[in-house]
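Each value in this text was obtained by applying a stated rule to the coordinates, not by laboratory testing. Here the structure is a predicted model, which is why all the values come from computation and not from measurement. Heads up, the Cβs are rebuilt from the backbone with ideal geometry, glycines too, and the neighbour counts pull from every protein chain shown.
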Protein chains: 2
Amino acid sequence: MSLDNQLEEALMKSKTQMRRGVLEMCVLSIISEEESYPSDIIEKLKEVELIVKEGTLYPLLSRLKKDGLLQYSWKESTQGPPRKYFQLTTTGIAFLQGLKENWDDLVSSVNQSTKKITK
Amino acid sequence: MSLDNQLEEALMKSKTQMRRGVLEMCVLSIISEEESYPSDIIEKLKEVELIVKEGTLYPLLSRLKKDGLLQYSWKESTQGPPRKYFQLTTTGIAFLQGLKENWDDLVSSVNQSTKKITK
DNA sequence: ATACAGTACCTTGCAACACATAGTACCGAA
DNA sequence: TTCGGTACTATGTGTTGCAAGGTACTGTAT
């Protein structure tokens, strides 16, 4: 493997690492706007170029549900099995607010640290 | 533990998660401006409110050195043991550039996803 | 020469989450 | 009954920030 390929691979891994903690914020944010089921969420993430597969999203939704941040209801579908529609709980709303503050603080630190103003 | 405390604790953990991949970018960025030794780096990170301890920084620097992104030279000090001064390698400079692009992409996605313009 | 405080550096194991893989189940159409 | 499409579930892996515990060097005081 050439150095360029090693660099590309390292940058791909870095991409994954940078999504930690951020993905859940985006997912909660999408659900906070309108109750959604997984396929919707995947589409909306795709629109903002956050490419996520089912194998990543389902465990994340499970964990958020287990942590009391989400709840869901089943709804029939005309095109296949019933779907799980997710909503934020009260705790989830508060947590999302905190996540956004965490994120804003981090972005501010990074901007100062790298001396770059985000356009 | 009250719910508020659980929320606080969860947000602290989230803070740690969000730093993944980002901390190394900031550290490389600081070193790219001027060769530094660990204590300098900790100070500069502190200035931008990225609080990092030695137990976090030394393993990170070790890993970056092992990955060929950093190199170092020893310099005497007038106030204690000799110090390791770090510089970026050519690969490190290229990698840092890629990290910043990764970061910019992520920030853009988050802004679109959370419908919030960073001021 | 020895002891000590301050400074610098090192190593290791843990926790947590993004991800990939493999799988099951339901529904409508053929 | 079979099949394609859709929806969901479970689990193990890899990676990095962090905490904890440690060693070593230097200058100062005794």
Nm distances between copies for A:Glu49, ranked from closest, using label points 7 Å along Cα→Cβ: 2.7
So what J values fall out for the stretch B:67-82 if you push phi through Karplus, 6.51 cos²θ - 1.76 cosθ + 1.60 with θ = phi - 60°, rounded to Hz, Gly and Pro as x? 7, x, 9, 10, 9, 9, 9, 8, 9, 5, 10, 7, 9, x, x, x
Inter-copy spacing of A:Lys84 label points, which lie 7 Å from Cα along Cα→Cβ, given in nm from shortest upward: 4.5
Cα axis of helix B:22-33 to longest principal axis of chain B: angle in degrees, 0 to 90, nearest 10? 40
What lysines does A:Lys66 reach when the alpha-carbon gap must be under 19 Å and sequence neighbours fewer than 8 apart in one chain are set aside? A:Lys84, B:Lys13
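Inside 10 Å of the C-beta atoms of A:27-34, what's the mean count of C-beta atoms belonging to other chains? The partial results should precede the final answer.
Working: counts 1, 1, 5, 2, 0, 1, 3, 0.
For peptide A:27-34, the averaged partner shielding equals 2.
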Pair B:Lys100, B:Gln112: separation of 7 Å Cα→Cβ label points (nm): 2.2
Roughly how many nanometres apart are two label points built 7 Å out from the Cα toward the Cβ at B:Lys66 and B:Glu54? 2.1
Charges at C-beta only: +1 for Lys and Arg, -1 for Asp and Glu. How large is the resulting dipole of chain A about its Cα centre, in Debye rounded to 20? 220
Over 18 Å between Cα atoms, which of A:Lys15/B:Lys46; A:Lys15/A:Lys65; A:Lys15/A:Lys53; A:Lys100/B:Lys15 qualify? A:Lys15/B:Lys46; A:Lys15/A:Lys65
For the stretch A:60-111, what relative contact order do you get, as a whole percent, if you take Cα pairs closer than 8 Å and at least 6 residues apart? 28
What is chain A's relative contact order, in percent, from Cα pairs under 8 angstrom and six or more apart in sequence? 23
Inter-copy label distances at B:Glu8 (7 Å, Cα→Cβ; nm, one decimal): 4.8
Report, to the nearest 10°, how far helix B:90-114 tilts away from the longest principal axis of the Cα atoms in chain B, using its own Cα long axis and a range of 0 to 90°. 10
